[in-house]
Structure formats: C-alpha cells, structure tokens
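For reference, the structure discussed in these notes is given below.
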Amino acid sequence: MKKRWLTLVSASLACVMWATISAKTTTVEEVVPDVTPVYNLFTFEVADEVQPAFYETGYQNFTQSLANEPGSWAMNAGNNLTDNQLVYVAEVYENNKAYESHKKSPQYNAFVDAVGRHLNSRAFYSLEPVALLTKEEPLQIVDEDQVLVNLAKVTVKSGYNDDFTRVVVDEMKQSIATEPGVLAMYAGRVKGDRNTWYFFEIYENEAAYAKHRNTWAFKWYISETKDMVAEKLVTPIKAKLMMHKGHINYEADR
C-alpha cells in the first residue's frame, strides 16, 4: 500500500513539474495591429486595343470600390505621356485587411477577368507608406487633359533617410494645407530598399504645379535635400482616372 501511495505521489509531482515547464516555455504570439495603410504601385504594358476595356472596367472597379468599401481610400490610373502603352496604377487602402477584401470584390474580379490576360507585362511595388495626404473633398477625375500628374522616383543617399523624411513630409503637409491646386500627394519607400522612394502627385493644372514649385516650402525642400538625393526621375502621367475619398491624412511615425 505504501509503495502504491509513493508511486501516485511521484506521478502527481511529475505532472505538476511538466505543467510548470510547459507554462514557462509556451510562446504567446503577439497580435500585431493591422493599422498601417497599404500603398501599392503597379506598372502595366497595355496594348492600344486593350485600353478601352482597361479603363472602362477600371472605372467601374474604382468608383464602386470607393463608394462601397470603407477601406478603399484612393485609386489612380494613367498613361505615360511619352509611351502610351505604359499604364501606372497607384492605390491606397486603410490596411491589409481592406486590401484583401477588395481583391475578393465582384468589381475587382470583373476587371481582372476582362483585361488581366491581355496585359503584356507588369511590375508591382509594395511600398512602405510615409505620408498619404489629400484635400478634404473627394476627388473624381476622368480623362482630364488639364490635370497634371507626376510619378517621381527618388533615390536617397545612405544615411540620410531620417533627415529626408523630416523635410519632405513637412513640405507635403504645408503644400496640401495651403495650396488649393495641390490635390493629392502620396509618398512611400520600397519595402526592403528604404533608400528608394516613389511619389505620386496630382495637381489641378500646369499653373498650380508652377505655383507649387515657386513656394517657399518647395524651395526650402529643394535646398535642404540637395545633398541627400542621389537621383531623381520624374515621369509625367496622363490623368485618366484619379480618385480618392477625401480627407486622407496619414503620416508614419518617425
């Protein structure tokens, strides 16, 4: 009887010790909040005969998504002014959940079904958003020749990213707040290559852009960053579809 009692006690102690060890070694996965916006940039090669379907279904996709999906914030598409078959698409979503939800929508899949197989090539950049800024009012521009759109690729010298971020974000905020002709500015870094930046900017017209370049804020930005930038390439884009919900005001933590 004594031996049996000792066996039971030993077994109980072993269970307690194993439970204690398991409790100490069990890893609790941290739930990361899905609060960072998604900023995507696509480049497509679209043949001239495919472009009517591309923009017709694209218009339906953009307008329905912005109207019905709270997490779809901005959608833009336009042609390279010097190479009409190059089409750029820039999109902003509230977070990754919103982006994944959009990809399941009927209007998105109708767009993919209509033109996806006809795209000759494509490039995709998933960007780390730094500043995403628009006017308060929603924007819906369709095939407007007067609107000026620029896609800028900026390579920042190593070691200058923090200083460049500080200057460019301050300049963007000042421009959106004080210049009526600056309609939207989106800035982000390539994930995995934080020295490569892409800016997508929408201006009311050529005069608004010229006025912007003559402001104190823009001149200060150029002066402050002239030794930080290794290369800058600006691509003018035709404003085929430029849309956002309005009141996009995101700035990443510095």
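Taken together, the values in this text are just the output of simple stated rules run on the coordinates, not laboratory data. Computed from a predicted model, the values in this text were never measured in an experiment. Because the Cβ atoms are built from the backbone with ideal geometry, glycine has one as well, and the counts that use them run over all protein chains shown.
Here are the numbers:
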{"quantity": "Answer label, with volume of the Cα convex hull per residue in Å³ calculated from the coordinates and candidates [x] 193; [y] 172; [z] 118", "calculated": "[x]"}
{"quantity": "Proximal aspartates and glutamates to Lys157, defined as alpha-carbon separation beneath 17 angstrom and excluding residues fewer than eight positions away on the same chain", "calculated": "Asp193, Glu224, Asp227, Glu231"}
{"quantity": "Convex hull projection area averaged over all views, the stretch 112-214, Cα basis, nm²", "calculated": "8.6 nm²"}
{"quantity": "Residues of the stretch 110-150 with amide N under 12 Å of the 7 Å Cα→Cβ point at Arg194", "calculated": "128"}
{"quantity": "At R0 = 22 Å, FRET efficiency that the Cβ-Cβ distance of Val112 and Phe42 yields, to 0.05", "calculated": "0.95"}
{"quantity": "Gaussian network model of the chain, springs between alpha carbon atoms under 10 Å - residue of Ala131, Ala90, Ala53 with greatest fluctuation", "calculated": "Ala53"}
{"quantity": "Contour minus Cα-Cα distance for Lys226 and Asp83 (0.36 nm per residue)", "calculated": "48.5 nm"}
